[in-house]
Amino acid sequence: MSNYYGDIRLSPELPIYVAAQHTDGGAGKSKLTHHHPEGQMYVPAQGVILIEAGGNRQVLPPGRLGWIPPYMPHSASTHGNTLRPGLAGYTIHIAPSLCVGFPEQSLALRMSPLAVSLLERMCRWPNGSPTDAAGLRVMNVFLDEIRAAEPDPLHLTMPRHPRLLTMAATIAQDPADETDLDAWAEQLGWSRRSLTRHFRNETGMSVVEWRQVARLQKGMELLNGGASVTTVALSLGYDSVSSFIALFRRILGTTPARFAA
């Protein structure tokens, strides 16, 4: 079955479609929750892309790739750098037959230098699809690189239980909230021990670890929007700017200032 994206139709002859996405800066294009038979990849060029899919929440900075399996409901929004409007990134639609070997869940993946170079070449394809055997070879090597990519640490799994989901959504919306485990347990009608056990079973993280990642995700959005490192650190509830910088560098491999630049 062939599927259309604008004037592009995925088919055995055109198994992949690469499209550039643009923004004028600030909050950019946003797509409501939708799904389609193809697999999809989001790759930011500047700014960040926020993806929610399959119970997972990812904030993608440049150098990361967001993977969405076929038929999985998802939403995405771009947040461009207000100082450098223009290209926000790329979306890649992939025929189901090419999705073999990819994760069954939505993930943020680290792109290798080779994958980045191959994507730059793919972006020069006429109409976003390979037109000859050389193009198909580039496509296949790119897909192999992504299949072997390492997951990004800034990946949050949303819990399934309604009460835990309410708590997680509140933390994601306002990571600076300092409601402690005892207070949450009282609000949710559980013991502290039950809360922590159920939360780890459903997310793979402790509440403290989950909040740390949520804070870093929010921090990337704020930094990308032009906020200073000090403003971001304090607005996220850190006691000191240095502790925010240290955690940011440990998890993301760079300082907040370099990320913002």
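Worth pointing out:
- Probe 1.4 Å, all protein chains present, accessible-area order of R250, R64, largest first: R250, R64
- Relative contact order (%) - the chain, alpha-carbon pairs under 8 angstrom, separation at least six: 18 percent
- Accessible area expressed per residue, the stretch 67-202, with surrounding protein chains retained (probe 1.4 Å, Å²): 51 Å²
- Relative contact order (%) - the stretch 122-225, alpha-carbon pairs under 8 angstrom, separation at least six: 26 percent
- Projection of the Cα convex hull of the stretch 77-226, averaged over all directions and equal to a quarter of that hull's surface, yields 11.4 nm².
- Packing rank of 104-110, 164-170, where each peptide gets the mean count of other beta carbons within 10 Å, highest leading: 104-110, 164-170
- Across the stretch 87-159, C-alpha contacts under 8 Å between residues 6 or more apart give a mean separation that, scaled by the residue count, equals a relative contact order of 42 percent.
- Computed helical MRE - 222 nm, the chain, DSSP H runs ≥ 4 contributing -39500 (n - 2.57), nearest 500: -11500 deg cm²/dmol
- For the stretch 89-147, the alpha carbon convex hull comes to 97 Å³ per residue, rounded to a whole number.
- Of the solvent-accessible surface of the chain, computed with a 1.4 Å probe over protein heavy atoms with every protein chain present, carbon and sulfur atoms account for 53 percent.
- When peptides 171-180, 217-226 are ranked by their average number of other Cβ atoms within 10 Å per residue, the highest-first order is 217-226, 171-180.
The values are calculated or read from the model by the stated rules, or taken from the named source; none is laboratory data. Fair warning: this is a prediction, and the values are worked out from it, not measured in the lab. Glycine also receives a Cβ, built like all others from the backbone with ideal geometry; neighbour counts cover every protein chain displayed. The protein model used for the area step is the full one, side chains on, heavy atoms only, and it has no ligands, DNA or RNA in it. Shrake-Rupley method; radii C 1.70, N 1.55, O 1.52, S 1.80 Å.
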